[in-house]
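Visitor: Take this structure first; my questions come after.
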Amino acid sequence: MNPHAAIAPTPAARSLTVAEARRTILDQLVPVSGWERVTVRNALGRVLDQNVIAPCNVPAHDNSAMDGYAVRFADLSGSAETRLTVVGTALAGKPFSGIVSAGQAVRIMTGATIPEGADTIVVQEVTRTEDDRVVVPAGQQAGQNLRRAGEDLAAGGVALPAGKRCGPAEIGLIASLGIAEVVVKRPLRVAILSTGDEIASIGKPLAPGQVYDSNRYTLFGTVTRLGCEILDMGVIPDDPAALEQAFRAAAANADVILTSGGVSVGEADFIRELMSRLGEVSFWKIDIKPGRPMAFGRIGDAWIFGLPGNPVAVLVTFYQFVQDALLALSGVAPLPETVLHEAVCASAVAKRPGRREFLRGRLVLEGGRPCVSVVGAQGSGVLRSMSEANCLIVLPEAQGDVARGDTVLVQPFDGLI
Ligand code: AMP
Ligand code: MG
């Protein structure tokens with residue numbers, strides 16, 4: 001259950017910056033507390049509820065980092081070649097069971113346990129053999145080419161902290177510790193609904209003036225990739241009774257409600273009245289393009305995000321506000337940094353200062369330098385350009401017109417869309 005802190009009221013006349021809106025949202029969210037135990041593979045995309053403690057050292061034994069000879073450093077001459085008798089072989093998984101005594105060496109392969117008595121590995125390439133002896137040149141360093149037990153992870157240490165979201169590296173790391181199951185946060189339940197009298201579900205012919213519902217599918221994609229469970233509430237007409245029923249059902253069954261449409265001028269009033277009557281909801285004007293109007297608040301125990309209807313605005317506002325909110329509610333801590341990169345802009349862009357604008361861009365390397373151009377039509381309903389783009393060009397509030405050749409900031413889609 002969400003603790004009920006009041007949502008900060010925003011004067012209707014004032015617009016919030018993107019940063020203010022993000023902060024206001026994130027400051028209020030409390031992660032879900034439920035957890036479950038899952039197998040390593042099923043931990044992919046899930047958030048650890050508890051620290052993963054290393055039950056053993058990784059690597060478990062001192063082992064060789066190279067193919068070569070395991071020797072006793074004290075045997076080696078500092079100034080001349082040293083001849084050592086080769087008394088055996090150590091392979092990965094097949095250790096040498098004897099002891100390396102004075103004047104002896106053991107042939108060793110990468111990953112093999114260092115035999116008792118030896119303390120240094122001489123790489124094969126610098127040696128030569130004479131009958132059963134190996135000739136080691138001068139200039140070796142004590143302890144070279146060894147991987148120490150526990151060098152990667154020490155037994156008893158925190159291998160992964162609670163709040164970490166498991167990707168391929170994390171599930172591999174868990175497996176490297178021999179752990180078969182971990183405790184993860186329960187998945188967030190996210191209800192998704194589209195609003196609008198003109199919005200038609202796919203699979204039926206379009207009547208005049210109708211638009212196929214794409215937002216529910218885009219949001220299905222973004223939310224599924226965050227490891228959340230989805231409650232698909234369908235398309236709700238602009239009818240207060242139908243919307244009220246849908247909002248109540250969603251609030252009773254989900255942690256988060258995502259709606260699209262109905263927040264622009266003209267429709268906003270009755271949605272606002274309805275949401276405010278059912279819960280505690282702020283309608284925000286945000287200094288952002290696309291995506292200016294957005295609702296945020298709570299109905300019952302569920303958080304609600306009222307996203308704009310325009311398909312590109314849905315994606316932009318999702319990535320700027322909702323994604324981190326869903327991660328935070330899922331228990332991810334700390335949240336991943338949003339890393340913006342600099343690129344030379346190959347397009348001229350008209351912009352007035354005062355709001356943060358997001359353009360769809362295509363980022364390439366030109367002569368070794370990142371270079372970005374604006375992709376296709378920038379209308380906020382044009383999903384095709386979103387598909388052709390590989391980044392957002394981010395023009396901060398203070399930025400004015402962009403001339404060709406200016407440096408701009410980009411947010412790559414890589415792993416995002
Ligand atoms: P609204 O915010 O409801 O005024 O919608 C803004 C624009 O987005 C309108 O052109 C709508 O037809 C369009 N739109 C709203 N919802 C959807 C949807 N689910 N799928 C595709 N387009 C939508
Ligand atoms: Mg609408």
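The values are calculated or read from the model by the stated rules, or taken from the named source; none is laboratory data. Everything quoted here is computed from the prediction, not taken from an experiment. So basically every Cβ, Gly included, is an ideal-geometry build from the backbone, and we count neighbours across all protein chains shown. Heavy atoms of the whole protein, side chains included, go into the accessibility calculation; ligands, DNA and RNA do not. Shrake-Rupley method; radii C 1.70, N 1.55, O 1.52, S 1.80 Å.
Visitor: Would it be correct to say that residue 122 is under 42 Å from the mean Cα position of the chain (by Cα) and assigned by TED's automatic domain parsing to the domain that holds residue 306?
Guide: Values: under 42 Å from the mean Cα position of the chain (by Cα): yes; assigned by TED's automatic domain parsing to the domain that holds residue 306: no.
No.
Visitor: Looking at region 381-416 only, could you name the residues that are in a loop (DSSP other than H, G, I, E, B) and either touching a Gly at 6+ places or on another chain (Cβ under 8 Å) or under 12 Å from residue 349 (Cα atoms) (or both)? Talk me through it step by step, then tell me what you get.
Guide: Going residue by residue through region 381-416, those that are in a loop (DSSP other than H, G, I, E, B) are 381-382, 389-390, 396-401, 403-406, 413-416.
Passing the criteria: 382, 389, 390, 397, 399, 400, 401, 403, 404, 405, 406.
The rows are residues; the columns are (1) under 15 Å from residue 259 (Cα atoms); (2) at pLDDT below 95; (3) within 16 Å of ligand 2 (Cβ to nearest atom).
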residue	(1), (2), (3)
309	yes, yes, yes
318	yes, no, no
322	yes, no, no
328	no, no, no
331	no, no, no
336	no, yes, no
344	no, no, no
351	no, no, no
356	no, no, no
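Visitor: So which residues in region 70-118 are among the hydroxyl-bearing types (Ser, Thr, Tyr), within 23 Å of residue 152 (Cα to Cα) and out of contact with any Asp or Glu (no Cβ under 6 Å at 6 or more places or on another chain), if there are any at all? Full working, then the answer.
Guide: If we filter region 70-118 for residues that are among the hydroxyl-bearing types (Ser, Thr, Tyr), which is where we start, we get 77, 79, 82, 85, 89, 97, 101, 110, 113.
Filter once more, keeping what is within 23 Å of residue 152 (Cα to Cα): 110, 113.
Hit for region 70-118 is 113, nothing else.
Visitor: Quick one: is residue 138 modelled with pLDDT of 95 or more and either over 30 Å from residue 38 (Cβ atoms) or open to solvent by 60 Å² or more (accessible area, probe 1.4 Å) (or both)? If you could, list the steps in order and put the result at the bottom.
Guide: Values: modelled with pLDDT of 95 or more: yes; either over 30 Å from residue 38 (Cβ atoms) or open to solvent by 60 Å² or more (accessible area, probe 1.4 Å) (or both): yes.
Yes; evaluated as a whole, the condition is true for this residue.
Visitor: Could you say which residue among 364, 394, 372 is farther than 30 Å from residue 266 by Cα, surrounded by 18 or more Cβ atoms within 10 Å (Cβ to Cβ) and not assigned by TED's automatic domain parsing to the domain that holds residue 213?
Guide: Selected residue: 372, the only one of 364, 394, 372 that is farther than 30 Å from residue 266 by Cα, surrounded by 18 or more Cβ atoms within 10 Å (Cβ to Cβ) and not assigned by TED's automatic domain parsing to the domain that holds residue 213.
Visitor: How many residues are in contact with a Phe, Trp or Tyr (Cβ under 9 Å, 6 or more places away or on another chain) and either within 11 Å of ligand 2 (Cβ to nearest atom) or closer than 26 Å to residue 278 by Cβ (or both) if we restrict to region 206-232?
Guide: Number of matching residues: 6.
Visitor: Something else now. Which of the numbered conditions does residue 382 fail, given that it passes all the others? Conditions: (1) open to solvent by less than 80 Å² (accessible area, probe 1.4 Å); (2) in contact with a strand residue (DSSP E or B) (Cβ under 6 Å, 6 or more places away or on another chain); (3) under 21 Å from residue 315 (Cβ atoms).
Guide: The single condition residue 382 does not satisfy is (2).
Visitor: Take the residues in region 286-313 that are in a strand (DSSP E or B) and more than 18 Å from residue 191 (Cβ to Cβ); name whichever of them is most open to solvent (accessible area, probe 1.4 Å). Write out each step before concluding.
Guide: So in region 286-313, the residues in a strand (DSSP E or B) come out as 286, 288-289, 293-299, 302-307.
Narrowing the set further to residues that are more than 18 Å from residue 191 (Cβ to Cβ) leaves 286, 288-289, 293.
Details: 286: 0, 288: 3, 289: 95, 293: 41 Å².
Among those that are in a strand (DSSP E or B) and more than 18 Å from residue 191 (Cβ to Cβ), it is 289.
Visitor: Starting from residues that are away from ligand 2 (no atom under 16 Å from the Cβ) and over 33 Å from the mean Cα position of the chain (by Cα), keep the ones in region 235-275 and report whichever is most open to solvent (accessible area, probe 1.4 Å). Walk me through how you get there before you give the answer.
Guide: Taking region 235-275 and keeping what is away from ligand 2 (no atom under 16 Å from the Cβ), we get 241, 244-245, 248-257.
Adding the requirement that they be over 33 Å from the mean Cα position of the chain (by Cα) leaves 241, 244-245.
Values: 241: 70, 244: 41, 245: 137 Å².
Across region 235-275, the extreme among qualifying residues is 245.
Visitor: Further question: Within region 210-231, how many residues turn out to be of a type outside the set (Ser, Thr, Tyr), within 27 Å of residue 266 (Cβ to Cβ) and open to solvent by 70 Å² or more (accessible area, probe 1.4 Å)?
Guide: Let us first name the residues in region 210-231 that are of a type outside the set (Ser, Thr, Tyr), namely 210-211, 213, 215-216, 219-221, 223, 225-231.
So of that shortlist, the ones also within 27 Å of residue 266 (Cβ to Cβ) come out as 210-211, 213, 215-216, 219.
Cutting the leftovers down to open to solvent by 70 Å² or more (accessible area, probe 1.4 Å) gives us 211.
Total meeting the criteria: 1.
Visitor: Report yes if residue 143 is touching a residue at least 40 places away in the same chain (Cβ under 8 Å), at positive phi, small (Gly, Ala, Ser) and within 16 Å of ligand 1 (Cβ to nearest atom), otherwise no. Spell out how you get there, then give the answer.
Guide: Working: touching a residue at least 40 places away in the same chain (Cβ under 8 Å): yes; at positive phi: yes; small (Gly, Ala, Ser): yes; within 16 Å of ligand 1 (Cβ to nearest atom): no.
No; evaluated as a whole, the condition is false for this residue.
To keep it simple, each residue is scored yes or no on (1) in the same structural domain as residue 359 (by TED's automatic domain parsing); (2) more than 14 Å from ligand 1 (Cβ to nearest atom); (3) hydroxyl-bearing (Ser, Thr, Tyr).
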site	(1), (2), (3)
217	no, no, yes
243	no, no, no
258	no, no, no
288	no, yes, no
296	no, yes, no
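Visitor: For region 181-205, enumerate the residues that are more than 16 Å from ligand 2 (Cβ to nearest atom) and surrounded by fewer than 19 Cβ atoms within 10 Å (Cβ to Cβ).
Guide: Of region 181-205, the ones more than 16 Å from ligand 2 (Cβ to nearest atom) are 181-191, 202-205.
Within region 181-205, 181, 183, 186, 189, 202, 203, 204, 205 qualify.
Visitor: I'm trying to understand the selection: among the residues of region 44-71, which are over 30 Å from residue 327 (Cβ atoms) and open to solvent by 70 Å² or more (accessible area, probe 1.4 Å)? Spell out how you get there, then give the answer.
Guide: Step one: list which residues in region 44-71 are over 30 Å from residue 327 (Cβ atoms), which gives 56-57, 59-71.
Passing the criteria: 61, 66.
Visitor: Could you check region 328-373 and list, in sequence order, the residues that are over 27 Å from the mean Cα position of the chain (by Cα), closer than 22 Å to residue 288 by Cα and in a strand (DSSP E or B)?
Guide: Hit for region 328-373 is 349, nothing else.
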